[in-house]
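Here, each number is a calculation from the coordinates, and none is a lab measurement. Treat the numbers as computed from the prediction; the structure is a model and nothing was measured. Counting neighbours? That spans all protein chains shown, and the Cβs are built from the backbone with ideal geometry, glycine included.
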Amino acid sequence: MTPSKKTAALLESVLFSSRWLLAPFFFALAISLFVLLIKAGQHIVHLISTSLTSTESEVVLDVLSLIDISLTGSLVVLVIFSGYENFVSRTDPSGEPGWPTWMATIDFSGLKIKLMSSIVAISGIQTLRAFMDIANESDRALSWSIGIHLGFVVSAVLLALSDRISGHSRDATSDH
């Protein structure tokens with residue numbers, strides 16, 4: 001092996017091993033799930049403690065907050081597992097009986113579609129929350145909320161179309 005091939009092989013080995021630098025990022029995201037759990041706990045305590053004195057709209061807003069936190073947590077789990085699987089190392093689901101089947105089979109294309117779907121859902125809930133609390137929202141804030149949500153919707157549709165056109169035509173959500 002020539003010196004230049006040895007150097008190239010060493011460089012490739014270092015670059016390939018550098019993918020493990022992503023692992024702490026995924027661990028940090030796992031810790032953020034605990035923070036979301038704390039926030040969900042605060043919301044449920046508030047919801048229960050004010051349930052008898054709150055209006056129906058206030059209860060719906062609190063429940064929408066819980067849904068929003070749940071969707072965000074689901075998005076974090078999606079990023080952790082599929083990101084780790086796609087960019088760091090393959091996982092072996094056979095040792096875990098409760099392992100969801102999609103975790104070991106989602107490809108990068110499916111990940112993009114699932115991420116955008118989650119972002120659109122979260123954005124939709126935020127927009128719904130703004131309209132449920134319309135008395136406390138300015139027209140400008142409502143307009144921005146609608147515009148941002150529509151931007152996410154259009155982006156998701158365009159991403160799905162480009163994915164389909166580029167040959168990734170299998171439905172990434174039906175088999176996972």
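Below, the figures for the structure above:
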| quantity | calculated |
| --- | --- |
| Helix 56-87 vs. the chain, principal-axis angle (Cα, 0 to 90°, nearest 10) | 0 degrees |
| Residues of type lysines that residue 39 reaches as a straight line, Cα spacing below 30 Å, ignoring anything fewer than 8 places off in the same chain | 112, 114 |
| 222 nm mean residue ellipticity, helices alone, for the chain (DSSP H n ≥ 4; -39,500 (n - 2.57); rounded to 500) | -25500 deg cm²/dmol |
| Burial ranking of peptide ranges 137-147, 5-15 (average Cβ count within 10 Å, highest at the top) | 137-147, 5-15 |
| Fraction of alpha-carbon pairs over 20 Å apart in the stretch 3-165 - percent | 66 percent |
| Residue with peak Gaussian network fluctuation, the chain [Cα springs, cutoff 10 Å], from 21, 71, 29 | 21 |
| Extension gain (nm, one decimal) between residue 46 and residue 154, 0.36 nm per residue minus Cα-Cα | 35.3 nm |
